[in-house]
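> My structure is below; once you've seen it, I'll send some questions.
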């Protein structure tokens, strides 16, 4: 069964708002549609990494109604026909399930499915492509759920972790290990223990499985979502599809695929079902402006300027102003981001809190800044 011919499809999750990247990231132009690192947008970089593995016609993108038009402009022409717009955000389990029934319909049966975030950075794309190929090979086995794990470089409290156990399995070219459990974002002390053990990896949110395997697990662990989306699947390509989508989607469980499917699958009796492949590929989720600084700074304390400017007796600053000249004197470890209608100034070690500004703007109903 694992040797049968299966199409490979990729599903890119591109519905996030990227609020930590305000003021550049807005409702209609979120982080994944910006050139945060490099000349291309994060979404285009994600698509480019997939092109050696599959044609653009098998690249699906799940986003929301506000971003659909902008997302389509970023994609190759064949992939524009594969954009799925959620009427309301219901977390990753629902988004992936929506894509799964569409992939099954397009493939006219079972298929392999890679699920990838739209806004992550990979420094070694060639090695990454080989690891993705290995993950897809292991995912051909019915019942297998594969996750890429990033070998931790520090005891980070901002990531979820995947604990592996046992010996390497599978003739996939890269070692794969059974997953014992998924661990939530830990305390610093616990994160230090995880890193020291060598058995934990950061959960990068990149998954691989058969469509049939995913839907079987969805039926087992989220039966209401499964039933609703199977009823929707019968209407794909028909006039009543959109009306049905809008009717069922708000009722779907609002839960991540990690909690709903993967964690539960690791607890099932019998042989291992969930596997992790360590992927040391220069990965970053680029979770804040501070992460951008860390990627761009060639040495500790360097000032990074994205635009014209000059610094004097200043260090560790990230200064983004594409048109205005920025002069920085006597300041340390600041993030400064300028757009035509807003200016952000924040200490680098508070960059994670930028999302709080967006919440304040929402409370004050300053929609022009959102």
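> List 181, 364 from most exposed to least, where exposure is judged by having the fewest other Cβ atoms within 10 Å.
On the way: 181 15, 364 9.
So the residues, fewest neighbours to most, are 364, 181.
> Going by alpha carbons, how many degrees (0 to 90, nearest 10) lie between the helix axis of 354-363 and the longest principal axis of the chain?
Between helix and principal axis, roughly 80 degrees.
> Please find the FRET efficiency linking residue 153 to residue 365, where r is the Cβ-Cβ separation and R0 is fixed at 30 Å, and quote it to the nearest 0.05.
Values: r = 41 Å, r/R0 = 1.37.
Step by step, r from the Cβ atoms, then E = 0.15.
> Please order 80, 273 by the number of other Cβ within 10 Å, starting at the fewest.
Values: 80 16, 273 19.
In increasing order of surrounding Cβ atoms, one gets 80, 273.
> Moving on to the next point. Sort 127, 73 so the one with the fewest other Cβ atoms within 10 Å of its own Cβ comes first. Don't skip to the end; give the middle numbers.
Details: 127 15, 73 11.
Ordered by Cβ neighbours within 10 Å, fewest first: 73, 127.
> So, R0 is 51 Å and r is the distance between the beta-carbons of residue 323 and residue 105; what FRET efficiency does that work out to, to 0.05?
Details: r = 47 Å, r/R0 = 0.92.
With a Förster radius of 51 Å, E is 0.65.
> Report, in degrees rounded to the nearest 10, the 0 to 90 angle that the Cα long axis of helix 125-139 makes with the longest principal axis of the chain.
30
> Oh, and also: Return the single residue from 225, 339, 240 with maximal mean-square fluctuation; model: Gaussian network over the chain, springs between Cα atoms under 10 Å.
The residue with the greatest mean-square fluctuation here is 240.
> Quickly work out the residue 251-to-residue 312 label distance, labels modelled 7 Å from Cα along the C-beta direction, and quote it in nm with one decimal.
6.8
> Take the alpha carbon gyration tensor of segment 61-204, find the square roots of its eigenvalues, order them as a ≥ b ≥ c, and report rounded if a/c is under 1.5; if not, report prolate when a/b exceeds b/c, else oblate.
Verdict is prolate for segment 61-204.
> Would you mind computing, in nm to one decimal, how far apart the modelled labels at residue 230 and residue 65 are, each placed 7 Å from Cα along Cα→Cβ?
2.8
> On a 0 to 90° scale, report how tilted helix 211-221 is relative to the longest principal axis of the chain, with both axes built from alpha carbons and the result rounded to the nearest 10.
Helix 211-221 sits roughly 90 degrees off the main axis of the chain.
> Sort the following peptides by mean Cβ neighbour count (other Cβ atoms within 10 Å, averaged over residues), highest first: 326-337, 253-264. Could the numbers behind the result be given before it?
On the way: 326-337: 16.5, 253-264: 19.4.
Most protected by this proxy first, the peptides run 253-264, 326-337.
> Given 10 °C and 1.306 mPa s, compute D for segment 289-369 with the Stokes-Einstein relation, Rh being the Kirkwood radius over Cα pairs; round to the nearest whole µm²/s. Let's see the in-between values first.
Numbers: Rh = 13.4 Å.
Rounded, D is 119 µm²/s.
> Looking only at segment 289-369, where both bridge partners belong to it, what percent of the DSSP beta bridges are antiparallel (to the nearest 5)?
Values: 6 of 17 bridges.
Counting DSSP beta bridges with both partners in segment 289-369, the antiparallel share is about 35 percent.
> Among 158-170, 60-72, how do they line up from the highest to the lowest mean number of other beta-carbon atoms within 10 Å? Before the final figure, lay out each step's value.
On the way: 158-170: 16.8, 60-72: 20.4.
The peptides rank, most packed first, as 60-72, 158-170.
> Would you mind getting me the FRET efficiency between residue 339 and residue 185? Use the beta-carbon distance for r and R0 = 41 Å, nearest 0.05. Could the numbers behind the result be given before it?
Working: r = 30 Å, r/R0 = 0.74.
After rounding to 0.05, the efficiency reads 0.85.
> Quick one: work out the % antiparallel among DSSP beta bridges in the chain, nearest 5.
Antiparallel bridges make up about 45 percent of those DSSP assigns within the chain.
> Shape verdict for segment 71-111, please, from the Cα gyration tensor: rounded (a/c under 1.5), prolate (a/b greater than b/c) or oblate.
Values: a/c = 2.74, a/b = 1.05, b/c = 2.61.
Oblate shape, in that a/c is at least 1.5 and b/c is the bigger or equal ratio.
> At residue 73 and residue 126, where each label point lies 7 Å from the Cα along Cα→Cβ, what is the point-to-point distance in nanometres?
Reported label-point gap for residue 73 and residue 126 is 3.4 nm.
> How large is the direction-averaged shadow of the alpha-carbon convex hull of the chain, in nm²? Walk me through the numbers on the way to the answer.
Numbers: hull surface 78.3 nm².
It is 19.6 nm².
> If you don't mind, there's one more thing I want to ask. On each of the three principal axes of the Cα atoms of segment 219-315, give max minus min coordinate, whole Å, ordered largest first.
Result, largest extent first: 63, 43, 21 Å.
> Hey, how many Å between the Cα centroid of segment 251-291 and the Cα centroid of segment 81-120?
Taking the Cα centre of segment 81-120 as reference, the centre of segment 251-291 is 16 Å away.
Values quoted throughout were computed directly from the atomic coordinates according to the rules given, and no laboratory measurement underlies them. Small disclaimer: the values here were computed from a predicted structure and weren't measured. All Cβ positions, even for glycine, are placed from backbone atoms using ideal geometry, and neighbour counts span all protein chains on display.
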